[in-house]
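Notes follow once the structure below has been shown.
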Amino acid sequence: MKHVLIWLAILYLLTGCGFKDIDKRYLVMAVGVDKSDIKDKPYRVSLKLAIPTSQIRPGQSNTFHLISDDAPTITEAVRHLKSKVDKELDFSQNKMIVFGTKIGEERLNKETIDWFLRRSEIQGIAFMAIGDPTAEQVLNVRPKSERLPADSMLMSFDQEGTESSFIVTEFLFDYHRRLSEKGLDPYLPVIRPLKETYLIDRVAVFDKEKIKAVLNPEETRIFNELSKKIRNFDIETKKENVQFALNVTSFGYSYRFDERNPSSPKLMMDVRIKGITEESKQTFYNSQWGRYKEVAETEAAKRYRHVLEKLQSLGVDPIGFGLRYRATHYHGDEDWEKWKAIYPRLEWNIKVNIDLIGSGGIK
(Lines give C-alpha, C1' and ligand atoms only; values in the text may rest on other atoms or scores of the structure.)
Protein backbone atom coordinates (compact mmCIF):
# COMPACT_ATOMS: atom_id res chain seq x y z
CA MET A 1 0.00 0.00 0.00
CA LYS A 2 2.89 2.32 0.83
CA HIS A 3 4.42 1.82 -2.63
CA VAL A 4 1.08 2.57 -4.31
CA LEU A 5 0.77 5.86 -2.48
CA ILE A 6 4.33 6.83 -3.49
CA TRP A 7 3.59 6.14 -7.17
CA LEU A 8 0.33 8.11 -7.01
CA ALA A 9 2.22 11.06 -5.55
CA ILE A 10 4.81 10.90 -8.34
CA LEU A 11 2.10 10.73 -11.04
CA TYR A 12 0.31 13.69 -9.48
CA LEU A 13 3.47 15.77 -9.66
CA LEU A 14 4.19 14.74 -13.26
CA THR A 15 0.72 15.69 -14.54
CA GLY A 16 1.12 19.27 -13.38
CA CYS A 17 4.58 19.93 -14.79
CA GLY A 18 3.58 21.26 -18.25
CA PHE A 19 0.52 23.31 -17.25
CA LYS A 20 0.64 27.10 -17.41
CA ASP A 21 -2.03 29.43 -16.05
CA ILE A 22 -4.04 31.57 -18.47
CA ASP A 23 -2.23 34.71 -17.32
CA LYS A 24 1.05 33.15 -18.46
CA ARG A 25 -0.16 32.48 -22.02
CA TYR A 26 -0.64 34.59 -25.14
CA LEU A 27 -3.64 33.53 -27.23
CA VAL A 28 -2.73 33.49 -30.94
CA MET A 29 -5.87 34.64 -32.78
CA ALA A 30 -4.53 34.59 -36.35
CA VAL A 31 -1.40 33.52 -38.22
CA GLY A 32 0.00 35.18 -41.33
CA VAL A 33 2.69 33.79 -43.64
CA ASP A 34 4.41 35.98 -46.24
CA LYS A 35 7.37 35.60 -48.57
CA SER A 36 10.43 37.22 -47.02
CA ASP A 37 12.98 39.37 -48.88
CA ILE A 38 15.82 37.41 -47.25
CA LYS A 39 17.08 34.60 -49.49
CA ASP A 40 18.03 32.09 -46.80
CA LYS A 41 14.95 32.96 -44.70
CA PRO A 42 12.06 32.70 -47.18
CA TYR A 43 9.17 32.78 -44.67
CA ARG A 44 7.95 35.83 -42.76
CA VAL A 45 5.53 34.62 -40.08
CA SER A 46 3.24 37.05 -38.25
CA LEU A 47 1.18 36.24 -35.14
CA LYS A 48 -1.78 38.29 -33.92
CA LEU A 49 -1.78 37.98 -30.13
CA ALA A 50 -4.78 38.94 -28.01
CA ILE A 51 -4.15 41.20 -25.02
CA PRO A 52 -6.50 40.24 -22.13
CA THR A 53 -9.00 42.83 -20.92
CA SER A 54 -11.54 42.85 -18.10
CA GLN A 55 -14.39 44.20 -20.27
CA ILE A 56 -15.37 43.40 -23.86
CA ARG A 57 -16.37 46.50 -25.83
CA PRO A 58 -16.47 47.03 -29.63
CA GLY A 59 -13.39 48.91 -30.80
CA GLN A 60 -11.85 48.98 -27.31
CA SER A 61 -11.25 45.36 -26.30
CA ASN A 62 -9.72 44.35 -29.65
CA THR A 63 -6.24 45.32 -28.51
CA PHE A 64 -3.56 43.03 -29.88
CA HIS A 65 0.18 42.62 -30.27
CA LEU A 66 1.44 41.79 -33.78
CA ILE A 67 4.86 40.12 -33.90
CA SER A 68 6.74 38.96 -37.01
CA ASP A 69 9.92 37.07 -37.78
CA ASP A 70 11.85 35.80 -40.82
CA ALA A 71 13.11 32.22 -40.86
CA PRO A 72 13.91 29.25 -43.14
CA THR A 73 10.82 27.38 -41.87
CA ILE A 74 7.56 28.23 -40.12
CA THR A 75 8.65 26.07 -37.17
CA GLU A 76 11.84 28.05 -36.62
CA ALA A 77 9.99 31.36 -37.03
CA VAL A 78 7.52 30.44 -34.29
CA ARG A 79 10.30 29.25 -31.97
CA HIS A 80 12.20 32.50 -32.49
CA LEU A 81 9.04 34.56 -31.97
CA LYS A 82 8.81 33.08 -28.46
CA SER A 83 11.91 35.08 -27.60
CA LYS A 84 10.01 38.30 -28.38
CA VAL A 85 7.23 37.76 -25.81
CA ASP A 86 7.10 37.09 -22.09
CA LYS A 87 4.35 34.43 -22.20
CA GLU A 88 3.80 31.01 -23.76
CA LEU A 89 2.18 31.07 -27.23
CA ASP A 90 -1.18 29.25 -27.23
CA PHE A 91 -2.58 28.34 -30.69
CA SER A 92 -5.76 26.65 -29.42
CA GLN A 93 -7.91 29.71 -30.26
CA ASN A 94 -6.43 30.28 -33.71
CA LYS A 95 -9.05 29.91 -36.45
CA MET A 96 -7.61 32.20 -39.13
CA ILE A 97 -4.64 31.44 -41.42
CA VAL A 98 -3.66 34.07 -44.01
CA PHE A 99 -1.02 33.63 -46.71
CA GLY A 100 0.47 36.55 -48.62
CA THR A 101 -0.10 36.93 -52.36
CA LYS A 102 3.56 36.21 -53.21
CA ILE A 103 3.42 32.90 -51.35
CA GLY A 104 0.29 31.94 -53.29
CA GLU A 105 1.80 32.93 -56.63
CA GLU A 106 5.00 30.98 -55.97
CA ARG A 107 3.91 27.87 -54.06
CA LEU A 108 1.08 27.03 -51.68
CA ASN A 109 1.05 23.25 -51.56
CA LYS A 110 1.22 20.48 -48.95
CA GLU A 111 4.74 21.43 -47.89
CA THR A 112 3.68 25.02 -47.18
CA ILE A 113 0.74 24.09 -44.94
CA ASP A 114 2.43 21.04 -43.38
CA TRP A 115 3.17 22.84 -40.09
CA PHE A 116 -0.49 23.78 -39.62
CA LEU A 117 -1.64 20.23 -40.27
CA ARG A 118 0.80 18.75 -37.74
CA ARG A 119 0.04 21.18 -34.88
CA SER A 120 -2.49 19.46 -32.63
CA GLU A 121 -3.75 22.82 -31.28
CA ILE A 122 -4.71 24.17 -34.71
CA GLN A 123 -8.07 22.81 -35.78
CA GLY A 124 -8.76 21.51 -39.25
CA ILE A 125 -11.76 23.85 -39.42
CA ALA A 126 -9.54 26.94 -39.32
CA PHE A 127 -10.32 29.34 -42.17
CA MET A 128 -7.73 29.98 -44.87
CA ALA A 129 -7.35 33.07 -47.07
CA ILE A 130 -4.97 35.05 -49.25
CA GLY A 131 -3.86 38.47 -47.97
CA ASP A 132 -3.42 41.06 -50.72
CA PRO A 133 -0.77 42.42 -50.81
CA THR A 134 0.55 40.77 -47.63
CA ALA A 135 -0.82 38.73 -44.74
CA GLU A 136 0.97 41.01 -42.26
CA GLN A 137 -0.93 44.06 -43.53
CA VAL A 138 -4.23 42.18 -43.24
CA LEU A 139 -3.53 41.10 -39.66
CA ASN A 140 -2.55 44.66 -38.70
CA VAL A 141 -6.03 46.07 -39.46
CA ARG A 142 -8.04 47.13 -36.40
CA PRO A 143 -11.77 47.49 -37.28
CA LYS A 144 -13.75 49.81 -35.00
CA SER A 145 -16.63 47.33 -34.67
CA GLU A 146 -14.38 44.43 -33.67
CA ARG A 147 -14.86 43.07 -30.15
CA LEU A 148 -11.90 40.66 -30.09
CA PRO A 149 -8.75 40.50 -32.25
CA ALA A 150 -9.45 38.84 -35.65
CA ASP A 151 -13.13 38.55 -34.67
CA SER A 152 -14.34 40.51 -37.70
CA MET A 153 -12.62 38.13 -40.15
CA LEU A 154 -14.13 35.11 -38.40
CA MET A 155 -17.64 36.63 -38.44
CA SER A 156 -17.27 37.35 -42.16
CA PHE A 157 -16.37 33.75 -42.96
CA ASP A 158 -18.56 31.75 -40.56
CA GLN A 159 -21.68 33.80 -41.50
CA GLU A 160 -22.56 34.54 -37.89
CA GLY A 161 -22.27 38.19 -38.83
CA THR A 162 -22.55 39.34 -42.43
CA GLU A 163 -23.91 37.06 -45.17
CA SER A 164 -22.53 38.18 -48.51
CA SER A 165 -22.65 36.39 -51.85
CA PHE A 166 -19.18 37.86 -52.57
CA ILE A 167 -17.50 36.13 -49.60
CA VAL A 168 -16.17 32.66 -50.40
CA THR A 169 -15.09 30.50 -47.46
CA GLU A 170 -12.46 27.77 -47.33
CA PHE A 171 -11.21 25.55 -44.49
CA LEU A 172 -7.76 24.15 -43.84
CA PHE A 173 -8.95 20.53 -44.06
CA ASP A 174 -10.76 21.10 -47.37
CA TYR A 175 -7.83 22.96 -48.94
CA HIS A 176 -5.55 20.06 -47.96
CA ARG A 177 -7.98 17.57 -49.51
CA ARG A 178 -8.16 19.51 -52.77
CA LEU A 179 -4.37 19.50 -53.14
CA SER A 180 -4.39 15.75 -53.77
CA GLU A 181 -7.93 14.98 -54.99
CA LYS A 182 -8.13 14.28 -58.73
CA GLY A 183 -10.86 16.38 -60.34
CA LEU A 184 -11.14 18.97 -57.56
CA ASP A 185 -8.79 21.96 -57.44
CA PRO A 186 -8.13 24.42 -54.55
CA TYR A 187 -9.31 27.98 -54.14
CA LEU A 188 -8.98 30.65 -51.44
CA PRO A 189 -10.79 33.94 -50.72
CA VAL A 190 -8.76 37.12 -51.06
CA ILE A 191 -8.74 39.68 -48.22
CA ARG A 192 -7.74 43.25 -49.03
CA PRO A 193 -7.03 45.60 -46.10
CA LEU A 194 -8.66 49.02 -46.11
CA LYS A 195 -8.00 51.76 -43.56
CA GLU A 196 -10.17 50.37 -40.75
CA THR A 197 -11.83 47.34 -42.29
CA TYR A 198 -11.42 44.52 -44.83
CA LEU A 199 -12.71 43.98 -48.34
CA ILE A 200 -13.45 40.34 -49.17
CA ASP A 201 -14.97 40.13 -52.64
CA ARG A 202 -12.50 38.10 -54.72
CA VAL A 203 -11.40 34.48 -54.95
CA ALA A 204 -8.08 33.03 -56.10
CA VAL A 205 -8.24 29.73 -58.01
CA PHE A 206 -5.28 27.33 -57.88
CA ASP A 207 -3.88 24.38 -59.68
CA LYS A 208 -2.27 21.90 -57.28
CA GLU A 209 0.67 24.24 -56.71
CA LYS A 210 -0.03 27.97 -57.03
CA ILE A 211 -2.52 30.70 -58.00
CA LYS A 212 -3.69 30.54 -61.61
CA ALA A 213 -5.94 33.61 -61.52
CA VAL A 214 -7.92 35.90 -59.22
CA LEU A 215 -11.57 36.29 -60.23
CA ASN A 216 -13.16 39.74 -60.18
CA PRO A 217 -16.05 40.44 -57.76
CA GLU A 218 -18.84 39.53 -60.20
CA GLU A 219 -17.08 36.31 -61.24
CA THR A 220 -16.49 35.54 -57.56
CA ARG A 221 -20.19 35.84 -56.81
CA ILE A 222 -21.06 33.46 -59.66
CA PHE A 223 -18.33 31.06 -58.51
CA ASN A 224 -19.85 31.13 -55.02
CA GLU A 225 -23.28 30.26 -56.43
CA LEU A 226 -21.92 27.29 -58.36
CA SER A 227 -19.54 25.94 -55.71
CA LYS A 228 -21.64 26.50 -52.57
CA LYS A 229 -25.18 26.68 -54.01
CA ILE A 230 -25.81 29.74 -51.84
CA ARG A 231 -29.09 31.62 -51.60
CA ASN A 232 -29.97 35.25 -51.00
CA PHE A 233 -28.06 36.79 -53.87
CA ASP A 234 -29.22 39.00 -56.71
CA ILE A 235 -29.13 38.74 -60.48
CA GLU A 236 -29.18 41.99 -62.42
CA THR A 237 -30.72 41.88 -65.89
CA LYS A 238 -29.90 44.58 -68.44
CA LYS A 239 -31.22 44.16 -71.97
CA GLU A 240 -32.42 46.95 -74.26
CA ASN A 241 -35.30 48.61 -72.37
CA VAL A 242 -35.45 45.92 -69.71
CA GLN A 243 -33.54 46.50 -66.46
CA PHE A 244 -34.35 44.91 -63.13
CA ALA A 245 -32.70 43.08 -60.23
CA LEU A 246 -33.93 39.68 -59.06
CA ASN A 247 -33.51 38.74 -55.40
CA VAL A 248 -32.94 34.97 -55.40
CA THR A 249 -34.53 33.07 -52.51
CA SER A 250 -33.97 29.52 -53.83
CA PHE A 251 -31.18 28.20 -56.04
CA GLY A 252 -30.06 24.78 -57.21
CA TYR A 253 -28.76 22.95 -60.23
CA SER A 254 -28.08 19.49 -61.58
CA TYR A 255 -25.98 18.32 -64.52
CA ARG A 256 -25.01 15.31 -66.56
CA PHE A 257 -22.36 14.45 -69.14
CA ASP A 258 -23.34 13.83 -72.76
CA GLU A 259 -20.68 11.74 -74.50
CA ARG A 260 -22.78 10.38 -77.36
CA ASN A 261 -20.62 12.36 -79.75
CA PRO A 262 -17.00 11.72 -78.66
CA SER A 263 -15.70 14.58 -80.79
CA SER A 264 -18.02 17.08 -79.06
CA PRO A 265 -18.61 16.17 -75.37
CA LYS A 266 -21.19 18.28 -73.55
CA LEU A 267 -22.15 19.09 -69.99
CA MET A 268 -25.91 19.54 -69.70
CA MET A 269 -26.74 21.80 -66.74
CA ASP A 270 -30.24 22.64 -65.49
CA VAL A 271 -30.38 25.63 -63.14
CA ARG A 272 -33.47 26.27 -61.00
CA ILE A 273 -34.02 29.73 -59.51
CA LYS A 274 -36.86 31.26 -57.51
CA GLY A 275 -36.89 34.94 -56.80
CA ILE A 276 -38.70 38.21 -56.42
CA THR A 277 -38.06 41.48 -58.22
CA GLU A 278 -36.13 43.72 -55.87
CA GLU A 279 -35.57 46.77 -58.08
CA SER A 280 -36.92 47.65 -61.50
CA LYS A 281 -37.24 50.56 -63.90
CA GLN A 282 -40.47 49.06 -65.23
CA THR A 283 -43.84 48.55 -63.57
CA PHE A 284 -44.63 44.84 -63.51
CA TYR A 285 -48.29 44.99 -62.54
CA ASN A 286 -49.74 45.35 -66.01
CA SER A 287 -46.86 43.68 -67.87
CA GLN A 288 -46.33 40.21 -69.21
CA TRP A 289 -43.92 38.67 -66.72
CA GLY A 290 -43.08 35.92 -69.19
CA ARG A 291 -41.06 38.30 -71.39
CA TYR A 292 -38.98 39.56 -68.44
CA LYS A 293 -38.55 35.98 -67.21
CA GLU A 294 -37.11 34.86 -70.57
CA VAL A 295 -34.67 37.78 -70.70
CA ALA A 296 -33.50 37.04 -67.14
CA GLU A 297 -33.02 33.34 -67.96
CA THR A 298 -30.90 34.15 -71.01
CA GLU A 299 -28.73 36.63 -69.11
CA ALA A 300 -28.28 34.23 -66.17
CA ALA A 301 -27.16 31.41 -68.49
CA LYS A 302 -24.55 33.76 -69.98
CA ARG A 303 -23.22 34.56 -66.49
CA TYR A 304 -22.64 30.91 -65.60
CA ARG A 305 -21.22 30.01 -69.00
CA HIS A 306 -18.70 32.88 -68.81
CA VAL A 307 -17.25 31.73 -65.46
CA LEU A 308 -17.21 28.04 -66.39
CA GLU A 309 -15.43 28.78 -69.67
CA LYS A 310 -12.89 30.96 -67.84
CA LEU A 311 -12.09 28.19 -65.34
CA GLN A 312 -11.87 25.77 -68.27
CA SER A 313 -9.40 28.03 -70.11
CA LEU A 314 -7.24 28.23 -66.96
CA GLY A 315 -7.15 24.43 -66.75
CA VAL A 316 -8.58 24.35 -63.20
CA ASP A 317 -11.70 22.65 -61.86
CA PRO A 318 -12.58 23.99 -58.37
CA ILE A 319 -16.29 23.14 -58.85
CA GLY A 320 -15.47 19.43 -59.03
CA PHE A 321 -16.84 18.31 -62.41
CA GLY A 322 -13.88 15.97 -62.80
CA LEU A 323 -14.60 14.40 -59.41
CA ARG A 324 -18.21 13.73 -60.48
CA TYR A 325 -16.98 12.24 -63.75
CA ARG A 326 -14.67 9.87 -61.90
CA ALA A 327 -17.46 8.92 -59.48
CA THR A 328 -19.87 8.02 -62.30
CA HIS A 329 -17.36 6.01 -64.32
CA TYR A 330 -15.71 2.79 -63.28
CA HIS A 331 -12.30 2.36 -64.85
CA GLY A 332 -10.10 4.25 -62.38
CA ASP A 333 -7.02 5.88 -63.87
CA GLU A 334 -8.28 5.24 -67.40
CA ASP A 335 -11.32 7.44 -66.74
CA TRP A 336 -9.12 10.13 -65.19
CA GLU A 337 -6.93 10.28 -68.29
CA LYS A 338 -10.06 10.41 -70.42
CA TRP A 339 -11.45 13.31 -68.38
CA LYS A 340 -8.21 15.31 -68.76
CA ALA A 341 -8.66 15.00 -72.53
CA ILE A 342 -12.38 15.89 -72.39
CA TYR A 343 -12.33 18.91 -70.06
CA PRO A 344 -10.44 21.37 -72.33
CA ARG A 345 -12.99 20.87 -75.16
CA LEU A 346 -16.14 20.40 -73.07
CA GLU A 347 -19.17 22.36 -74.33
CA TRP A 348 -21.44 23.96 -71.74
CA ASN A 349 -25.16 23.55 -72.40
CA ILE A 350 -26.82 25.60 -69.66
CA LYS A 351 -30.56 25.94 -69.27
CA VAL A 352 -31.92 28.30 -66.60
CA ASN A 353 -35.48 28.15 -65.31
CA ILE A 354 -36.53 31.19 -63.26
CA ASP A 355 -39.71 31.16 -61.20
CA LEU A 356 -40.62 34.83 -60.76
CA ILE A 357 -42.83 34.67 -57.66
CA GLY A 358 -43.48 38.37 -57.18
CA SER A 359 -42.92 41.89 -58.44
CA GLY A 360 -41.60 43.12 -55.11
CA GLY A 361 -43.83 46.19 -55.13
CA ILE A 362 -46.96 47.37 -53.37
CA LYS A 363 -49.95 48.15 -55.56
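The values are calculated or read from the model by the stated rules, or taken from the named source; none is laboratory data. None of these values were measured; they are calculated from a predicted model. Virtual Cβ from ideal backbone geometry, glycine too; neighbours counted across all protein chains shown. Surface accessibility is based on the protein's heavy atoms, side chains included, excluding ligands, DNA and RNA. Shrake-Rupley method; radii C 1.70, N 1.55, O 1.52, S 1.80 Å.
Evaluated with a Cβ-only charge set (Lys, Arg +1; Asp, Glu -1), the chain carries a dipole of roughly 260 debye about its Cα centre, given to the nearest 20. The mean accessible area for residues of the chain, using a 1.4 Å probe and ignoring ligands and nucleic acids, is 53 Å² per residue.
Each Lys and Arg contributes +1 and each Asp and Glu -1, all at the Cβ; summed about the Cα centre of the stretch 291-347, the dipole is approximately 280 debye. Expressed in Å, the radius of gyration and Dmax of the Cα atoms of the stretch 124-211 are 13.4, 43.
By a 1.4 Å probe calculation restricted to protein chains, I38 has an accessible surface near 70 Å², given to the nearest 10. Nonpolar atom fraction for the chain, defined as the carbon and sulfur part of the 1.4 Å probe accessible area, stands at 50 percent.
Restricting to Cα atoms and excluding each atom paired with itself, what does the Kirkwood estimate give for the stretch 160-265 in Å?
The Cα-based Kirkwood calculation yields 16.3 Å.
Which shape class, rounded, prolate or oblate, goes with the stretch 82-240 when its Cα gyration tensor gives a ≥ b ≥ c as root eigenvalues, a/c under 1.5 marks rounded, and past that a/b bigger than b/c marks prolate? Cα axes put the stretch 82-240 in the oblate bin. Each residue, N109 and H329, gets one label point 7 Å from its Cα in the Cβ direction; the gap between the two is 2.5 nm. Do the alpha carbons of any pairs in K266/K338; K208/K229; K35/K110 sit beyond 18 Å of each other, and which pairs? From the list (K266/K338; K208/K229; K35/K110), the Cα-Cα distance tops 18 Å for K208/K229. Note on the stretch 83-147: percent of Cα-Cα distances in each 10 Å bin, starting at 0 and stopping at the bin with the largest distance, equals 18, 41, 37, 4. The listed residues H306, H176, H331, once ranked by accessible area (1.4 Å probe) with the largest placed first, stand as H331, H306, H176. When DSSP beta bridges are restricted to pairs lying wholly in the chain, around 65% turn out antiparallel. At the listed q of 0.09, 0.10 Å⁻¹, the Debye profile of the chain, built from one uniform point per Cα, gives log10 I(q)/I(0) equal to -0.64, -0.76.
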